[in-house]
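One structure below.
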Amino acid sequence: MAADQDDIYFGVAGAELQALADNLPHPAWIAYADGFIFWFNRRWYEYTGTTIDDQRGWGWTSTRHPEEIERITAVWKQALADGKPVEITFPLKGRDGIFRLFLTSIVPVRDASGQVVRWFGTNVDITGQVVIEDRLRVAEADWQSLFDEMQDGFAIGSVVYDAAGVAVDGTIVKANKQWSFLTGLPPVIAPGTSLVQVAGVAGEQLLKAFARVLESGVSELFEAHIEELGRWLEIRAYRHSPTQVAAFFHDVSERKLAEYEARRAQDNLLRVSRLSAMGALASTLAHELNQPLGAAANYIAAANEHLKRSSDPEKQRLQQLLKSANESCLRAGRIIRSMREFTASGRVTKTSEDLKEMISATIADFLDDEASDGLMLEFVCPNGLPPIMCDRIQIEQVLINLYSNSVRAMATTEARLIKIDVTARPDVVLIRLGDSGPGFTDRSPEELFEPFWSTTDVGLGLGLPLCRTIVEAHGGAIWGERGDPDGACFVIRLPVDQDGPQPPST
């Protein structure tokens, strides 16, 4: 470097400034306002192996890669025109002929009036840094790939506290694809977006667990149910940092379903076992009750014969009562025999029956019961109903059971009303029996058909299940509905007798 050139730039303190610039750990240079480079520091010559004569002015292009010269020159000229600092990255050839990547930073030096009088540039070797960054990017990509391919969901979240230090909401700062699949939530729930609002009940559960883990520092294992997706998750959360919680999410829906099915099978097995025992008990009771019922019928017949020879003024009334008692005994016997045969074989003996006449006769029996005192009963049934094929005794018993349930349900109701409505469709008839009682309250109508489920302390919970068994054995169906507007309503659907006499067309 020529002494006069040094003096021109460095001035009186030239030696000190030159020593400072020459001892920079990376190449540096100075140019005039028009971009003519007139000085390079010692580190520049050590790296490039050039001289001032080689590099002065625009000779520096010899150390640039031929494919980069046009781009570098354009950037340099634009900086000269704008008078603004600029940074550019490009390969710089060393004295060994190998190009290494450098970050070049150029700043203008202005005089007191603000005019650019010099440009100062530095070249920092960033080859090692770029290699490290490339490796980090590859490692990040590999990690992200493994992160997203995990079979379990994974998320990192933080908790939002209010001024009183109470956990009020949370955010998800990072999560893998499986987390989104399992929870139905986005991989990032940004600050300001409510985790509770986005995730609902499951979000509240996550927030409480995350807050506990942050406060205690102890990992926690718990389960959450994502109702919208019908999915159960086992979640293990641990403190990731003083302000963040990391959690693994494992899908245990199949296990939960298997456990539910196992409990259901066990409940069904227990129910079948109890029903089998009740069936055996019913068969035994039917056998044992036949004898006292027969004896009662014989006593009634003997009393009737004795009454015939009596001159009691109430003779006719007493004979009518004995006749009714005898008919009730015979009816009870027929019911017991029918139910015994049904529980033993599951089959029914069907005959073609007039539904309107059968319901009317059953209603008459209803009204003879003392429990029907003060009861209003409406019976709506069109003329010309097609006959049905059924075991009359069993269908009557279904109607009696429903009627008795309604009467008991309205025991404390002031206005007691039972309405029976029959409608005909092409292949079936529908019998609707509704009441003005309290209805099903908070219970599902379907629950009432579960064996041993009763709304009273005295019931066995077998009446409605038996009704359903009988109706389904007839090829029909029975279900419960909420009354309109109040009370309970049961609907029986029975097939018509296609071979019986049909009603006249209208």
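The values are calculated or read from the model by the stated rules, or taken from the named source; none is laboratory data. A quick note: this is a predicted structure, and the numbers were derived from the prediction, not measured. FYI the Cβ positions are ideal-geometry reconstructions off the backbone, even for glycines, and counts take in every protein chain you see. Ligands, DNA and RNA are excluded from the accessible area calculation, which covers all protein heavy atoms including side chains. Shrake-Rupley method; radii C 1.70, N 1.55, O 1.52, S 1.80 Å.
Residues in region 122-135 that are in a strand (DSSP E or B) and either touching a Cys at 6+ places or on another chain (Cβ under 7 Å) or loosely packed, with under 15 Cβ neighbours inside 10 Å (or both): there are none.
Summed over region 436-478, the residues that are in a loop (DSSP other than H, G, I, E, B) and at pLDDT below 80 give a count of 19. Of all residue pairs spaced 6 or more apart or on separate chains, those with beta-carbon atoms under 9 Å, a first member in region 472-493 that is on the phi > 0 side of the Ramachandran plot and a second member that is part of a loop (DSSP other than H, G, I, E, B) and of a type in the set (A, V, I, L, M, F, W, C) are Gly487/Met410.
Looking only at region 205-252, filter to residues that are open to solvent by 60 Å² or more (accessible area, probe 1.4 Å) and of a type in the set (S, T, N, Q); which one of those is nearest to Lys177 (Cα to Cα)? Residue satisfying both the conditions and the ranking: Gln205.
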